[in-house]
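Report on the structure given below.
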Amino acid sequence: PQLLYISDNKSADLKSILEATKGQSILVLTEREDLVKKGACISFLILDNEALRFQINKQELDSRNLKMASSILSLAYSE
């Protein structure tokens with residue numbers, strides 16, 4: 001498996017990146033909140049109290065044949 005980090009200023013390229021890497025075992029990590037809803041595997045977000053959290057798209061992980069420990073999944077931020 002590989003990791004692809006998409007910085008905030010490249011977030012607009014997410015759709016084309018996801019299309020180019022579809023079905024590949026690549027963990028797509030973004031730093032803009034809610035990009036998991038658009039297909040990223042993990043997105044970072046900063047809460048109002050300045051705390052750094054992350055969101056996980058389990059369905060996208062599964063489609064890329066990636067596994068994540070349940071202990072990490074349990075730490076993910078959910079609204």
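The values are calculated or read from the model by the stated rules, or taken from the named source; none is laboratory data. Small disclaimer: the values here were computed from a predicted structure and weren't measured. Using ideal geometry, Cβ is built from the backbone for each residue, glycine included, and neighbour counts are taken over all protein chains shown. Quick note on the areas: whole protein, heavy atoms, side chains included, nothing else; ligands and nucleic acids left out. Shrake-Rupley method; radii C 1.70, N 1.55, O 1.52, S 1.80 Å.
In table form, for the structure just shown:
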| read-out | value |
| --- | --- |
| Residues within the range 1-31 that are farther than 21 Å from Asp62 by Cα and charged (D, E, K, R), tallied | 3 |
| Residue match in the range 20-29 (condition: without any contact (Cβ under 8 Å) to a residue 60 or more places away in the chain, surrounded by 11 or more Cβ atoms within 10 Å (Cβ to Cβ), among the hydrophobic types (A, V, I, L, M, F, W, C) and touching a helix residue (DSSP H, G or I) at 6+ places or on another chain (Cβ under 6 Å)) | no |
| Selection count, the range 43-65, where residues are open to solvent by less than 20 Å² (accessible area, probe 1.4 Å) and either polar (S, T, N, Q) or not in a loop (DSSP other than H, G, I, E, B) (or both) | 4 |
| Residue count, the range 30-55 (criterion: free of Cβ contacts under 8 Å to residues at least 24 places away in the same chain and hydroxyl-bearing (Ser, Thr, Tyr)) | 1 |
| Selection from the range 66-79 of residues that are surrounded by 10 or more Cβ atoms within 10 Å (Cβ to Cβ) and not in a loop (DSSP other than H, G, I, E, B) | Ile72, Leu73 |
| Single match in Ile17, Ile6 (criterion: buried (at least 17 other Cβ atoms within 10 Å of the Cβ) and more than 11 Å from the chain's Cα centre (by Cα)) | Ile17 |
